[in-house]
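Notes for the one structure printed next.
The values are calculated or read from the model by the stated rules, or taken from the named source; none is laboratory data. Remember, it's a predicted structure, so these values are computed and weren't measured experimentally. Backbone-built Cβ (ideal geometry, glycine too); neighbour counts: all protein chains shown.
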Amino acid sequence: MNGDTRRWSMLLGLILCTMLVVVGTADAEKVKLEVYVRAPGIAGGTAAETEWENQMYAEFEKQHPNIKLELITPVGSAGYLEKLITLWAVGQPPDVWDHGGFVASYIEQGWLLDLSPFVRREPNLERDFFPGAWRAYQQDGRMWGMPHVSMSSLIWYNVDFFEQAGLPLLPVDWDDPSWTWDAMEDYAKKLTKLTPDGRFETAGVSIGLNGNIESPMFANLWGGDWFDEETHRTGIPNKSTIASPENILAYEKAVELIQRYGGNVPGNYSGGKVGMALRTPLNIAATAQQNAFFCKWALAPIPVGTHRAAALYTDPWMISSQTKHPEEAWLFVKYMTSAEVMKSYTAFGFGLAPVARRSAIKGYIDRLVDASGVQDFNQILSVLTGGQVYGREVYDHTIVGWADIRRVTMEEFPQMVRGTKSVQAALLSSHDAITAIINERKRQE
């Protein structure tokens with residue numbers, strides 16, 4: 001080998017070594033974000049959702065080459081919440097996570113980063129979000145999660161049954177004064193059909209009253225609540241008001257409706273057993289996607305009692321209070337809750353819940369329009385939007401200790417529905433048990 005060849009060989013080696021060092025350094029300098037998400041078969045996760053998420057993550061990394069996402073999912077028999085608790089218990093919390101859950105408890109335990117400083121940098125960010133979704137995780141001027149999907153409870157009804165009974169279709173405007181609880185009861189009476197031996201052939205209305213997350217809404221319709229104002233401000237129960245006169249009236253009306261018109265009748269509401277049903281868009285979209293409707297159908301608001309109310313279900317993206325990379329975590333959460341990503345979620349076809357942005361919901365409503373065969377885009381949009389105006393986020397997301405409270409009410413409420421306990425007795429028992437839970441919590445503080 002002559003001198004020139006030797007020099008070129010040494011120079012080439014030096015260049016290659018330098019390139020390797022640069023590449024290695026660049027990779028080492030990347031910010032790593034740990035992202036915790038549900039897996040197929042866990043907490044409602046599906047293979048299609050995972051496929052879509054992986055596409056979004058890859059696009060995010062392409063747009064932000066200085067950030068590397070590391071995915072964490074539950075494995076084996078571990079549930080979504082159980083895995084999250086374990087990660088915190090061993091001192092390895094993820095930087096960001098999604099899927100809602102017991103958000104109020106996350107806040108109380110100090111798990112969440114306040115997002116309001118980031119949100120204030122984006123003066124127009126709020127404008128595109130539905131109002132209920134935007135306020136779902138705000139407390140005392142702080143914002144604990146960015147909404148991704150959001151849906152309120154509403155009324156689904158069988159248009160074929162309405163036509164057979166000669167009944168006009170229901171309003172789509174939540175402020176329509178004609179759509180009252182009494183009007184729903186009148187419709188239910190005309191839709192109910194009994195067999196010769198007195199069993200329900202068709203239930204006029206199904207509202208489902210089992211003490212779970214939708215049950216407080218019925219109290220709200222009559223000006224009642226389960227807790228005082230401080231609870232709703234802080235998320236921490238301070239006082240149980242579940243046995244109030246307003247609540248007794250509310251649940252007496254609900255139980256009467258159930259007992260007279262088959263409100264808890266079993267059976268597939270889409271298969272011809274129920275005239276009207278209180279549902280969420282999640283149930284409806286899932287049935288529509290499976291082509292499982294056997295009738296023409298339409299959507300309507302929850303009827304007004306003395307107040308307008310709806311149960312609201314919003315899943316946010318959240319950032320850990322322990323993240324070492326808050327700016328990069330915010331970039332990721334802002335991306336995952338952007339209009340572009342939400343439009344992709346809707347367009348992918350598996351999205352059973354409506355997204356939280358107005359500009360991204362069109363594809364979702366188009367699918368419901370096609371499945372309904374009765375209502376147009378603006379009518380369905382009116383029903384979904386009104387639920388956001390009057391909806392209150394459900395207690396499992398906003399009340400600390402909901403799991404213990406729910407165990408009480410899910411024991412008591414079925415007894416009032418069956419008539420083995422009066423409404424007043426069941427609510428008094430619930431009040432005493434919830435008060436004991438609150439007092440024990442205070443004692444341990």
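Per-structure values
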| read-out | value |
| --- | --- |
| Single match in D197, D173 (criterion: free of Cβ contacts under 8 Å to residues at least 12 places away in the same chain and not in a helix (DSSP H, G or I)) | D197 |
| Residue within region 365-379 that is within 20 Å of D128 (Cβ to Cβ) and of a type in the set (S, T, Y) present | no |
| Identity of the residue in region 170-193, of a type in the set (A, V, I, L, M) and in contact with a strand residue (DSSP E or B) (Cβ under 6 Å, 6 or more places away or on another chain), that ends up nearest to K253 (Cα to Cα) | A188 |
| Lone qualifier among G363, G391, G387 - being free of Cβ contacts under 8 Å to residues at least 60 places away in the same chain and either at negative phi or out of contact with any Cys (no Cβ under 9 Å at 6 or more places or on another chain) (or both) | G363 |
| Residue count for region 159-174, restricted to those that are under 25 Å from the mean Cα position of the chain (by Cα) and modelled with pLDDT under 95 | 0 |
| First in region 100-128 and under 16 Å from R142 (Cβ atoms), second anywhere and among the acidic types (D, E), Cβ under 8 Å, 6 or more apart | V119/E126 |
| Residue match in region 90-102 (condition: aliphatic (A, V, I, L, M) and either assigned to a helix (DSSP H, G or I) or more than 29 Å from A39 (Cβ to Cβ) (or both)) | no |
| Boolean, E122 is of a type in the set (D, E), assigned to a helix (DSSP H, G or I) and over 30 Å from L81 (Cα atoms) | no |
| Test for G204: is it part of a strand (DSSP E or B), in the same structural domain as S429 (by TED's automatic domain parsing) and in contact (Cβ under 8 Å) with a residue 60 or more places away in the chain | yes |
| Boolean, K334 is without any contact (Cβ under 8 Å) to a residue 60 or more places away in the chain and among the basic types (K, R) | no |
